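Have a look at the structure below before the remarks.
Every number here is computed from the coordinates shown, using simple stated rules; none is lab data. All of these numbers come straight from a predicted model, not from anything done at the bench. As a convention, Cβ positions derive from the backbone with ideal geometry for all residues, glycine included, and neighbour counts pool all protein chains shown.
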């Protein structure tokens with residue numbers, strides 16, 4: 001099994017890491033090989049031997065993709081856990097290639113001093129990265145779905161207060177469910 005990921009030139013160094021540390025961690029933990037073409041940004045992920053994890057190559061692909069989309073290697077390596085997933089939203093699907101529209105919507109998602117992004121992260125327990133023409137969300141599956149819904153609301157033009165209220169109600173509902181499960 002093999003996968004390819006294209007990494008922006010600005011992120012190649014992060015994929016490799018200081019003295020090859022990030023690359024080595026991915027290769028050792030997943031027992032996969034990474035061939036990184038620093039000229040084109042193409043990363044080839046493959047396994048020559050049988051691994052304990054049949055999804056190792058796909059996990060490697062997702063880790064490299066997460067780093068390419070702006071996450072730190074430390075956060076991206078959370079994808080080693082089977083419960084963690086990565087969702088990438090392409091803003092061009094919503095707004096085309098209009099640079100003004102993309103700049104405006106990135107600003108809506110990030111918020112003043114990064115506040116909106118931090119609120120979405122804190123209320124859903126995910127990590128959010130706005131990089132280039134994408135918004136990426138990393139976390140547990142259900143949490144990523146909730147964060148994606150909040151980002152979708154922002155993309156559709158909902159007021160920030162409406163999105164914050166949605167997230168608060170979601171968190172309150174989850175708190176009630178968590179407490180109810182304690183009594184079972």
Discussion item. Checking the a/c ratio against 1.5 first, then a/b against b/c, what shape does the Cα gyration tensor give for the chain?
Written reply: oblate
Worksheet item: Peptides 16-28, 76-88: what's the order by average Cβ count within 10 Å, highest mean first?
Response: 76-88, 16-28
Discussion item. Quick check: the distance between the Cα centres of the range 1-55 and the range 92-151, to the nearest angstrom?
Written reply: 26 Å
Response to the item:
Given 57-65, 29-37, 93-101, 137-145, the highest-first ranking by average Cβ count within 10 Å works out to 57-65, 137-145, 29-37, 93-101
Practice prompt. May I ask for the angle, rounded to the nearest 10°, between helix 56-68 and the longest principal axis of the chain, with both axes built from Cα atoms and the value confined to 0 to 90°?
Written response: 60 degrees
Response to the item:
Sorted largest first, the Cα spans of the range 84-182 on the principal axes come out in Å as 50, 28, 22
Practice prompt. Give, in nm to one decimal, the length gained when the segment between residue 83 and residue 49 is fully stretched (0.36 nm per residue of separation minus the Cα-Cα distance).
Written response: 9.8 nm
Worksheet, complete the sentence: For the chain, the longest principal axis of the Cα atoms and the Cα long axis of helix 115-124 enclose an angle in degrees, to the nearest 10, of 80 degrees
Worksheet item: Using Cα atoms only, what is the angle between the long axis of helix 21-30 and the major principal axis of the chain, expressed in degrees (0 to 90) to the nearest 10?
Response: 90 degrees
